[in-house]
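The values are calculated or read from the model by the stated rules, or taken from the named source; none is laboratory data. Nothing here was measured: the structure is a model prediction, and the numbers come from that model. Every residue, glycine among them, receives a Cβ derived from its backbone with ideal geometry; neighbour counts consider all protein chains shown. With ligands, DNA and RNA removed, areas are computed over all heavy atoms of the protein, side chains included. Shrake-Rupley method; radii C 1.70, N 1.55, O 1.52, S 1.80 Å.
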Amino acid sequence: MEQVLPSRILQTAVEQLSLLPGVGRKTALRYALNLLRSDEEQVQGFTESISALKRDLKFCSMCHNISDTDMCPICSDQRRDRSTICVVSDIQDVMALENTQQYKGLYHVLGGVISPLDGVGPADLEIDSLVERVAAGGISEVILAISPTMEGDTTCFYIYRKLAPYDVKVTLLARGVAVGEDLEYTDEVTLGRSLLNRTPFDDK
Ligand code: ZN
């Protein structure tokens, strides 16, 4: 049975907090009461950081990773290998690959995978901008680091065909990543190894 709270303000805070994934009403109430007990400054820091997420966070104009500036720190880093682009579906995948410390090239975040059932087509993803980056020249290898699900494979094949007219090597992560497993949940050692043992894309 739903607990009736003695305050409308508290009720609203609990409702908002329980919108977060994995947060039920009980946990939301615990969070809200904890915030209530915190000092004013702490609560302000908390709410300000959340407001800033939507207000100030940008997406890198080159790789579409999250960034505080027009170009993200990875794309601006001149020590990185600018001839290699690693294509991932989501921002979390960039973080997972960076954690392996095995990759020194650049990234390209698609913003999802092609999934007709969910109404996601190639035009909804950052695929054209990837092709533009390759067409601009100076790229020798594109690594497709996309989870090997059916949608992921469709996306890889689509990108492979789009890149076929260009003189660029297209490779895949070695299949140390289990089928259907999200890249972000793969352990760093396995992910690092599948990055080092990547294989040329084979469309047969
Ligand atoms: Zn970037």
Search the structure for amide H atoms under 5 Å from the amide H of I143, placed 1.01 Å from N in the peptide plane, and list their residues when 5 or more places away or on another chain. I85, C86, V87, T171
Taking Cα pairs closer than 8 Å and at least 6 residues apart, the relative contact order of the chain in percent is 15
Could you run the Karplus curve 6.51 cos²θ - 1.76 cosθ + 1.60 with θ = phi - 60° over region 104-118 and give me ³J(HN,Hα) per residue in whole Hz, x for Gly and Pro? 10, x, 9, 10, 8, 9, 6, x, x, 10, 5, 8, x, 5, 9
Zone of D182 (label point 7 Å along Cα→Cβ, backbone N under 20 Å): which residues in region 63-83? 64-67
Once fully extended, how much extra length lies between M150 and R80, figured as 0.36 nm per residue of separation less the alpha-carbon to alpha-carbon distance? 22.0 nm
Projected label distance in nm at Y160 and T190, using a 7 Å step from Cα toward the beta-carbon: 2.3
Any idea what the dipole of the chain comes to, in debye rounded to 20, about its Cα centre with Lys/Arg Cβ at +1 and Asp/Glu Cβ at -1? 160
Along the charge dipole of the chain, pointing to its positive end and built from +1/-1 on Cβ of Lys, Arg, Asp and Glu, which listed residue (L19, C63, G138) has its Cα farthest out? G138
In terms of modelled amide H atoms, which long-range or inter-chain residues lie less than 5 Å from the amide H of V120? S115
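What does the helix-only formula give at 222 nm for the chain: each DSSP H stretch with n ≥ 4 adding -39500 (n - 2.57), the total divided by the residues, and the result rounded to the nearest 500 deg cm²/dmol?
-12500 deg cm²/dmol
Can you tell me how region 8-55 classifies by the Cα gyration tensor, rounded, prolate or oblate, using a/c under 1.5 as the rounded cut?
oblate
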Residues of region 12-119: accessible area per residue with a 1.4 Å probe, Å²: 63
Cβ charges +1 (Lys, Arg) and -1 (Asp, Glu), total dipole of region 8-55, debye: 300
Take the Cα atoms of the chain, build their convex hull, and give its volume per residue in Å³. 174
Region 1-158 - percent of accessible surface contributed by carbon and sulfur, probe 1.4 Å: 56
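Please give the peptides 64-76, 105-117 ranked by average Cβ packing (other Cβ atoms within 10 Å per residue), highest first, as a rough proxy for protection.
Ranking the peptides 64-76, 105-117 by packing returns 105-117, 64-76.
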Provide the gained length on full extension for the span A123 to V43, in nm with one decimal, where the gain is 0.36 nm per separating residue minus the Cα-Cα distance. 24.7 nm
